[in-house]
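Values quoted throughout were computed directly from the atomic coordinates according to the rules given, and no laboratory measurement underlies them. None of the values given here were measured: they were computed from a predicted structure. Every residue, glycine as well, gets a Cβ built from its backbone with ideal geometry; the counts of neighbours run over all protein chains shown.
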Amino acid sequence: MIVLGIETSCDETGVALVQDRTQVLAEVVCSQIDLHARFGGVVPEVASRRHLELINPAIQETFALAGLPFSAIDAVAVSNGPGLIGSLLVGVASAKALAAAWDKPLIGVDHLKSHVYANFLEPEPPPFPFVCLVVSGGHTSLVMARDHGDWELIGSTRDDAAGEAFDKVARLLDLGYPGGPAIDKAAKQGDPAAVPFPRSYFEGTHDFSFSGLKTAVLRCVEGYERNGDLPPVEDLAASFQDAVVDVLVETPLRACHDLGVTTLVAAGGVAANSRLRERLTEACRQHSVGFRLPPFKYCTDNAAMVACHGSFRFERGEVDSLDLDTYAVSAYKGQRGKAR
Ligand code: KG4
Ligand code: ZN
């Protein structure tokens with residue numbers, strides 16, 4: 001079974017061919033970072049126009065890399081939400097056109113769940129049940145996964161996503177775009193104990209909050225600027241990063257403990273953070289919790305995870321019609337319990 005995956009939910013144009021659910025035959029990820037850097041963030045209209053230019057060459061390139069004809073595939077999978085609608089529409093329209101022209105099934109997949117599926121591309125996929133921390137630019141959620149297709153939202157951010165906080169604080173500290181990798185790099189030279197930023201925990205829930213922390217960094221910078229004694233930017237970056245990481249380590253581990261689950265999985269762009277990767281690995285070892293993490297390149301947006309997720313849905317007979325729609329907001333947002 002060979003599934004073509006297409007990913008255009010934000011600012012990466014991704015195409016991949018995956019065989020038998022988990023074997024990546026070929027993949028292309030075209031980053032738009034350079035295009036958006038001068039604006040300090042993703043400009044939705046610019047992103048969708050670039051997807052439009054890149055998508056057909058990226059599809060051709062992926063088949064050429066795999067050395068396969070178009071007829072070799074069994075289905076087309078595409079992220080149809082959550083994300084930027086204009087960007088999603090490019091991928092979904094392309095996937096529909098290919099599915100119709102080649103007479104192949106179309107499978108829409110949830111982008112956030114696809115991030116979790118990045119872990120299934122690894123030689124040792126996570127055993128069910130597991131708790132998954134999904135930390136991306138737009139979302140910070142904890143999901144209880146009992147089986148493929150049997151997922152429950154058990155916690156989420158009440159305001160900003162962790163990635164959004166990284167991006168906004170990096171902008172405040174003039175560290176550039178994208179903010180997560182810039183803070184990660186600066187923090188390596190800084191003292192995480194330099195500034196005691198707040199950590200948010202919600203007793204009795206597994207929710208998160210990062211907007212207070214973001215404001216605390218702003219107030220701290222303003223205060224120091226007034227007095228003319230701003231600490232080194234590396235110390236601010238390291239102190240902020242540790243405040244985020246402490247919460248992203250403690251809350252998921254508490255969830256595992258509360259639910260009696262012995263495997264924790266991380267996924268999404270922020271899971272590329274080196275400090276978070278180190279701290280989660282160590283904390284899981286200490287608490288005898290099994291830990292799975294995608295390789296660095298599969299943390300951020302890519303189409304291999306989309307094709308993998310699509311393959312598992314296809315295997316269960318879950319296919320969509322050519323009416324497949326896009327959605328901007330997560331099916332999880334503001335809800336507890338079962339999500340599609
Ligand atoms: O999953 P992703 O590629 O796109 C979304 O689905 O949102 O995540 C992008 C987010 C951005 O906020 C980016 O700053 C963050 O992931 N990110 C990081 C790192 N690399 C990417 N955050 C912290 N440390 C990193 N090394
Ligand atoms: Zn993503």
The range 64-200 - Rg over Rh from alpha carbon coordinates, Kirkwood radius: 1.06
Over the residues of the chain, compute the C-alpha Rg and express it relative to 2.2 N^0.38 Å. 0.99
Beta carbons within 10 angstrom, averaged per residue: use that to sort the peptides 210-218, 296-304, 223-231, highest first. 296-304, 210-218, 223-231
Listing M1, M144 by rising number of other beta-carbon atoms within 10 angstrom, fewest first, gives M1, M144
Taking only Cα atoms, what is the 0 to 90° angle, nearest 10, from helix 44-66's long axis to the longest principal axis of the chain? 50 degrees
What number, rounded to the nearest 500 deg cm²/dmol, is the helix-based mean residue ellipticity at 222 nm of the chain, given -39500 (n - 2.57) per DSSP H run of at least four residues and division by all its residues? -13500 deg cm²/dmol
If neighbour count is taken as other Cβ atoms inside 10 Å, put C220, C256 in order from fewest to most. C220, C256
Just order 279-290, 117-128 by mean Cβ neighbour count inside 10 Å, highest at the front, would you? 117-128, 279-290
Restrict the search to the range 41-76; then list the GluC sites (Glu not before Pro) that DSSP places in a loop and that have at most 14 other Cβ atoms within 10 Å of their Cβ. none
Could you tell me how many degrees, from 0 to 90 and to the nearest 10, lie between the Cα long axis of helix 162-172 and the main elongation axis, the longest principal axis, of the Cα atoms of the chain? 60 degrees
Degrees, to the nearest 10: 304-315 long Cα axis against longest axis of the chain: 50 degrees
Count of lysine pairs in the chain with Cα separation under 19 Å (8 or more residues apart, or interchain): 9
Per-residue Cβ neighbour rank within 10 angstrom, fewest leading, R313, R199: R199, R313
Would the range 1-116 count as rounded, prolate or oblate if I go by the C-alpha gyration tensor, calling it rounded below 1.5 in a/c and otherwise prolate when a/b exceeds b/c, oblate otherwise? prolate
D191 and E282 label points (each 7 Å along its Cα→Cβ direction) are spaced in nm at 1.8 nm
Over its alpha-carbon atoms, the range 40-84 yields an Rg and a Dmax in Å of 13.7, 41
